[in-house]
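Student: Let me give you the structure first, and then I'll get to my questions.
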Amino acid sequence: MASNSLDRFAIFGGKPAFETPLHVGCPNIGDRKRLYERLDSILDRRVLTNNGPMVREFEERVADIVGVRHCIAMCNGTVALEIVTRALGMKEEAIVPSLTFVATAHALQWQQISPVFCDVKPGSHHMDPAQIHNLLTPRTSGILPVNLWGRPCDIDAILAVAEQNRLPVVFDSAHMFACSYKGSMIGSFGDAEVFSFHATKFMNTFEGGAVVTNDDELAATVRLMQNFGFSGRDLVTHVGINGKMTEVAAAMGLTSLDAMDRFVERNRENYHAYRLKLRPVPGVEIVEYDERERCNFQYIVIDVDENITGIGCDELMAVLAAENVDARRYFSPGCHRMEPYSSYFPNAGLLLRNTEDSLSRVLTLPTGTAVEARDAEKIGELIQRIVADGAAIHARLQSRPGRESRPQTGRLARCVNYR
Ligand SMILES: Cc1ncc(COP(=O)(O)O)c(C=O)c1O
């Protein structure tokens, strides 16, 4: 391939494939009119927070969808993780994957609980239950597995290890609302599970989260802790914090729930469009959903084998960014390589080989209701063309003076909700 034929790619001066940027996690918005009605009713009532009727309705609907006895809506997923792990008495050390959003580890570290990072099973992107035994110490107080990207981890195997060792389990199911595992809804496993309803999640409350559980006593403790420990008007019986969801957030949540089937359907269509176009691409594998289960299809994740494509994830991301496709390297480089963990555990990478290998190959592509199936097809075709010229693109990028493999995000950087 003559190098000047590469000029059609925007990174080398061609016209971008998309006029405006497409992002991972662009918020899904439900029926505005219904949202405004709900907002009006909040203002009319003058009940803005403190477990008002919108929050209670939201909690009931979430608990009903998940099929659990208790849902405690929270201001966000991170605080939900902090409160529930504390309510379960976790302290000193808890076992957690490093291949996750940093909030999973921070929720522990914030309480002086050391996250002990567990490697992932090769090819799964999920905590390897067989590794947990090697990480147990007398200080281990719990396990926090992550159901990543809308796909369940090996829940049964993790629960078996936890039971053998009498350890509580909280699943970080931030990505997993409206998904199932072996026919049962996610949210009903372990001692408790936590959802995130952050703006980038397929079902959002602007910011928000929830603890869901079937444990009555745990639910009561979480509720106390979420509201400063108040168990009566002027009666504080527990140490607590402010983790409450506002009425406005719940109004958005109810409006998102009304539209949830439509959001899932769009994600599903996009996933199938990507899959069709990416399947034939050598060295690129889309991480598949098990459609025998309920799925929310909210992340399109590809695994890029640079030895076959000739172009690695950073360069592919840079080429896509120039085309106005804002792909992301979730959750690179792994929590263990972020501070303070990389200072605390400088050699953790030696024990996290599969995590590091997976993260070096993973790229997340735009989906959600801001992306049409034909956009997904177009991005898939673009990746086909990039990979067909992968080695030549790589060589040309390497030969550029002051080369920069991270994307030039002049326009992309203006979008503020993206992580
Ligand atoms: C895996 C994971 N855990 C926890 C969180 C934290 O949730 P929140 O942003 O609602 O605090 C996120 C959020 O993005 C996440 O992706």
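Student: Out of Ala94, Ala80, Ala105, Ala73, report the one residue that is within 12 Å of the ligand (Cβ to nearest atom), modelled with pLDDT of 95 or more and in a strand (DSSP E or B).
Tutor: After applying the criteria, what remains is Ala73.
Student: Given the conditions (1) closer than 26 Å to Gln298 by Cα; (2) touching a helix residue (DSSP H, G or I) at 6+ places or on another chain (Cβ under 8 Å), and given that Asp156 satisfies all but one, which numbered condition is not satisfied?
Tutor: (2)
Student: Turning to a different aspect of this structure: Scan segment 152-166 and tell me whether some residue there is within 11 Å of the ligand (Cβ to nearest atom), touching a residue at least 12 places away in the same chain (Cβ under 8 Å) and surrounded by 24 or more Cβ atoms within 10 Å (Cβ to Cβ).
Tutor: Taking segment 152-166 first, the residues within 11 Å of the ligand (Cβ to nearest atom) are none.
No - not one qualifying residue is present in segment 152-166.
Student: May I pose another question? Could you grab me the full set of residues in segment 112-123 that are more than 15 Å from the ligand (Cβ to nearest atom) and either among the β-branched types (Val, Ile, Thr) or in a loop (DSSP other than H, G, I, E, B) (or both)?
Tutor: Gln112, Ile113, Val116, Asp119, Lys121, Pro122, Gly123
Student: Which condition from (1) of a type in the set (S, T, N, Q); (2) out of contact with any strand residue (DSSP E or B) (no Cβ under 7 Å at 6 or more places or on another chain); (3) surrounded by 24 or more Cβ atoms within 10 Å (Cβ to Cβ) is the one that Gln226 breaks?
Tutor: (2)
Student: Report those strands (runs of 3 or more DSSP E) wholly inside segment 206-315 carrying at least 3 residues which are over 30 Å from Asp40 (Cα atoms) and at pLDDT 95 or above.
Tutor: Passing ranges, in order: 284-286, 300-304.
Student: What pairs come up if the first residue lies in segment 100-112 and is closer than 19 Å to Gly150 by Cβ, the second is near the ligand (Cβ under 7 Å from one of its atoms) and assigned to a helix (DSSP H, G or I), and their beta carbons are under 6 Å apart, counting only those six or more places apart or on different chains?
Tutor: Hits for this filter: Ala103/Thr78.
Student: Does Ser188 satisfy the criteria of being touching a residue at least 60 places away in the same chain (Cβ under 8 Å), more than 26 Å from Thr364 (Cα to Cα) and surrounded by fewer than 24 Cβ atoms within 10 Å (Cβ to Cβ)?
Tutor: Yes, satisfied.
Student: A follow-up question, please. Does segment 124-131 contain at least one residue that is within 16 Å of the ligand (Cβ to nearest atom) and out of contact with any Lys or Arg (no Cβ under 8 Å at 6 or more places or on another chain)?
Tutor: Yes, segment 124-131 contains a residue that is within 16 Å of the ligand (Cβ to nearest atom) and out of contact with any Lys or Arg (no Cβ under 8 Å at 6 or more places or on another chain).
Student: Just checking, which of Arg56, Arg86 is in a helix (DSSP H, G or I), modelled with pLDDT of 95 or more and surrounded by fewer than 18 Cβ atoms within 10 Å (Cβ to Cβ)?
Tutor: Arg56
Student: Looking at Ala162, Ala130, which one is among the small types (Gly, Ala, Ser) and farther than 15 Å from Asn354 by Cβ?
Tutor: Ala162
Student: Restrict the check to segment 236-247 and report whether at least one residue is among the hydrophobic types (A, V, I, L, M, F, W, C) and surrounded by 17 or more Cβ atoms within 10 Å (Cβ to Cβ).
Tutor: Among the residues of segment 236-247, at least one is among the hydrophobic types (A, V, I, L, M, F, W, C) and surrounded by 17 or more Cβ atoms within 10 Å (Cβ to Cβ), which makes the answer yes.
Student: I need the full set of residues from segment 96-146 which are within 18 Å of Gly77 (Cβ to Cβ), among the aromatic types (Phe, Trp, Tyr) and touching a strand residue (DSSP E or B) at 6+ places or on another chain (Cβ under 9 Å), in order please.
Tutor: Phe101
Student: Considering only segment 59-70, how many residues are in contact (Cβ under 8 Å) with a residue 60 or more places away in the chain and assigned to a helix (DSSP H, G or I)?
Tutor: 6
Student: What are the residues in segment 22-36 that are closer than 20 Å to Ala327 by Cβ and surrounded by 20 or more Cβ atoms within 10 Å (Cβ to Cβ), if any?
Tutor: Leu22, His23, Val24, Gly25, Cys26, Asn28
Student: Here's a follow-up. Within segment 124-137, how many residues turn out to be buried (at least 21 other Cβ atoms within 10 Å of the Cβ) and part of a loop (DSSP other than H, G, I, E, B)?
Tutor: 2
Student: Among the listed residues Val146, Val169, identify the single one that is under 24 Å from Gly334 (Cα atoms), at pLDDT 95 or above, within 13 Å of the ligand (Cβ to nearest atom) and of a type in the set (Val, Ile, Thr).
Tutor: Val146
Student: Ok, one more. Identify the residue in segment 191-214 that is under 19 Å from Ala160 (Cβ atoms) and surrounded by fewer than 24 Cβ atoms within 10 Å (Cβ to Cβ) and, among all such residues, is farthest from the ligand (Cβ to nearest atom).
Tutor: Filtering first and then ranking leaves Asn214.
Student: A further question follows. Out of (1) touching a residue at least 60 places away in the same chain (Cβ under 8 Å); (2) away from the ligand (no atom under 16 Å from the Cβ); (3) not small (Gly, Ala, Ser), what's the single condition that is false for Arg328?
Tutor: Exception for Arg328: condition (2).
Student: Taking interchain pairs and intrachain pairs at least six residues apart, which have beta carbon atoms under 8 angstrom, with the first residue in segment 348-365 and outside any helix (DSSP H, G or I) and the second surrounded by fewer than 21 Cβ atoms within 10 Å (Cβ to Cβ) and hydroxyl-bearing (Ser, Thr, Tyr)?
Tutor: Pairs found: Val362/Tyr330; Val362/Ser332; Thr364/Tyr330.
Student: Before we move on, is Leu359 among the hydrophobic types (A, V, I, L, M, F, W, C), at pLDDT 95 or above, within 21 Å of Asp119 (Cα to Cα) and within 16 Å of the ligand (Cβ to nearest atom)? Reasoning before the result, please.
Tutor: Values: among the hydrophobic types (A, V, I, L, M, F, W, C): yes; at pLDDT 95 or above: yes; within 21 Å of Asp119 (Cα to Cα): yes; within 16 Å of the ligand (Cβ to nearest atom): yes.
Criteria met by Leu359.
Student: What's the number of the only condition in (1) within 12 Å of the ligand (Cβ to nearest atom); (2) more than 26 Å from Ile158 (Cβ to Cβ); (3) crowded, with 24+ Cβ neighbours inside 10 Å that Ala251 fails to meet?
Tutor: (1)
The values are calculated or read from the model by the stated rules, or taken from the named source; none is laboratory data. Worth saying up front: this structure is predicted, and the values here are computed from it rather than measured. A quick note on method: Cβ atoms are made from the backbone with ideal geometry, for glycine too, and the neighbour counts reach across all protein chains shown.
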